[in-house]
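The structure appears below as structure tokens.
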Amino acid sequence: MITVFGSINMDLIATTERLPKPGETVAGNGFSTAAGGKGANQALAARRAGSSVRMSGAVGQDGFASPALELLDGAGTDLSAVKRVSEPTGTALILVGGDGENMIAVVPGANGTVTSADATAAVAALQPEDTLMLQLEIPVAAVEQALSEAKAKGVTTILNLAPLIPDAPRLGRLADIVIANETEFERLAAQEGMTAADREEALKRLHGETGQTLIVTLGGDGVIAIRDGHISRAKGLVIEPVDTVGAGDTFCGYFAASLDDGLEFEAALRRAAVAGSLACLKAGAQPSIPVASEVAAKL
């Protein structure tokens, strides 16, 4: 069982020929809405990968609440730990350029009401063999409480260091498994402008200090990781991306589900990298997450 303690959003997505520069207005050529939020995205990815998943978080009592939960509900995710609050459902305002790259502004809304008490409740429902997966779109105090209580209970924790907030390096030291992109990892390692060699050395250094499993996603270059003193690498697929929104969350969810299913570490990395690649071939965060059979066909 995987419990995801995190954010639930509605994504408002506009597509443009190219992303605007600061202060610039560009013409859009499309608009859509889709369920999102890093927590919900990762929960859906883990569920589509085949794991039993419980989502713990918050939505509002507005018109976005039900659509934000629709795909999770349809996939059979346990939503009993999602509370309804007076704050509006969280939203993400997303611009996607013609090359598939994106710019995102997140308005927390209901996600900002998640508390340390919610963390305690989420962990209380876990067994030592379960997994707790977190991100950084809910209040820091709640994330820290969940990590601390899960560790005391012997529950495996996976923390995705996104979005990159000031507390990310400190919180990153509290999880069993940390997943970061290149920029997030540089913040964790307190070293900017890393080369590939720098990154590998930083992985070894941090792993030596903490013993944690550390995973760095590298976009089209795949992923590099360290576990039990061993460096591992995995590649995704060679693709022409349509929209990279949600690719990292797909990786996280599929990775967690793969470990939950008993896959070896390197096989879990490869499966997650392929799933992340497939997520770039469709627009939107949750609508783009592939199902297990699609990923298996590419492995």
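Name the single residue that is modelled with the highest pLDDT among those in the range 78-124 being within 30 Å of GLU240 (Cβ to Cβ) and in a loop (DSSP other than H, G, I, E, B).
From the range 78-124, those within 30 Å of GLU240 (Cβ to Cβ) are 91-106; that's our starting set.
From the residues that got through so far, the ones that are in a loop (DSSP other than H, G, I, E, B) too are 97-101.
Values: GLY97: 91, GLY98: 88, ASP99: 85, GLY100: 78, GLU101: 84.
Within the range 78-124, the match that is modelled with the highest pLDDT is GLY97.
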**Study point:** Tally of residues being in contact (Cβ under 8 Å) with a residue 60 or more places away in the chain and either touching a Gly at 6+ places or on another chain (Cβ under 8 Å) or of a type in the set (Gly, Ala, Ser) (or both) across the range 280-296
**Key:** 7
Point to revise | Residue list for the range 17-59, filter: surrounded by 13 or more Cβ atoms within 10 Å (Cβ to Cβ), in contact with a Gly (Cβ under 6 Å, 6 or more places away or on another chain) and more than 23 Å from ALA292 (Cβ to Cβ) | key: LEU19, GLY57
Point to revise | Residue tally, condition farther than 17 Å from PHE185 by Cα and not aliphatic (A, V, I, L, M), over the range 204-244 | key: 9
**Study point:** Condition broken by ARG18, with the remaining ones in (1) closer than 28 Å to GLY219 by Cβ; (2) assigned to a strand (DSSP E or B) satisfied
**Key:** (2)
Practice item. Exactly one condition in (1) free of Cβ contacts under 8 Å to residues at least 12 places away in the same chain; (2) within 21 Å of the chain's Cα centre (by Cα) is not met by ALA65; state its number. Key: (1)
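Mind telling me which of the residues ALA125, ALA105, ALA141 ends up being surrounded by fewer than 17 Cβ atoms within 10 Å (Cβ to Cβ), among the small types (Gly, Ala, Ser) and over 19 Å from the mean Cα position of the chain (by Cα)? It would help to see each step written out before you state the result.
Details: ALA105 fails: over 19 Å from the mean Cα position of the chain (by Cα); ALA141 fails: over 19 Å from the mean Cα position of the chain (by Cα).
On inspection, the qualifying residue turns out to be ALA125.
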**Study point:** The lone exception for VAL274 - which of (1) under 23 Å from ALA43 (Cβ atoms); (2) in a loop (DSSP other than H, G, I, E, B); (3) among the β-branched types (Val, Ile, Thr) it fails
**Key:** (2)
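Each row is one residue, and each column tells you yes or no for (1) touching a Cys at 6+ places or on another chain (Cβ under 8 Å); (2) under 21 Å from SER116 (Cβ atoms); (3) at pLDDT 95 or above.
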position	(1), (2), (3)
ASN160	yes, yes, yes
LEU164	no, no, no
ASP176	no, yes, yes
PHE185	no, no, yes
GLU192	no, no, no
HIS207	no, no, yes
Review point. Among the numbered criteria (1) in contact with a strand residue (DSSP E or B) (Cβ under 9 Å, 6 or more places away or on another chain); (2) in contact (Cβ under 8 Å) with a residue 12 or more places away in the chain, which single criterion is violated by ASP73?
Key: (2)
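Residues in the range 91-100 that are surrounded by 15 or more Cβ atoms within 10 Å (Cβ to Cβ) and on the phi < 0 side of the Ramachandran plot: how many? Reasoning before the result, please.
Residues of the range 91-100 surrounded by 15 or more Cβ atoms within 10 Å (Cβ to Cβ): 91-92, 94-97, 100.
Next cut, on the phi < 0 side of the Ramachandran plot only: 91-92, 94-97.
The number of residues fulfilling the criteria is 6.
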Check your understanding: How many residues does the range 25-41 contain that are assigned to a strand (DSSP E or B) and either touching a residue at least 40 places away in the same chain (Cβ under 8 Å) or of a type in the set (Gly, Ala, Ser) (or both)?
Key -> 6
Exercise for review: Could you check, for the range 202-223, whether at least one of its residues is in contact with a strand residue (DSSP E or B) (Cβ under 9 Å, 6 or more places away or on another chain) and at positive phi?
Suggested key: yes
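Kindly state which strands (runs of 3 or more DSSP E) lie completely within the range 128-236 and contain at least 2 residues that are closer than 28 Å to PRO290 by Cβ and touching a residue at least 40 places away in the same chain (Cβ under 8 Å).
By residue number, 131-134, 156-160, 177-181, 213-217, 223-227.
Suppose we filter GLY248, GLY236, GLY284, GLY253 for residues that are of a type in the set (Gly, Ala, Ser) and either over 17 Å from ASN181 (Cβ atoms) or in contact with a Phe, Trp or Tyr (Cβ under 7 Å, 6 or more places away or on another chain) (or both); which single one remains?
Answer to the selection: GLY284.
The values are calculated or read from the model by the stated rules, or taken from the named source; none is laboratory data. Quick caveat: nothing in here was measured; it's all calculated off a predicted structure. Note that each Cβ is placed from the backbone with ideal geometry, even for glycine, and that neighbours are counted across all protein chains shown.
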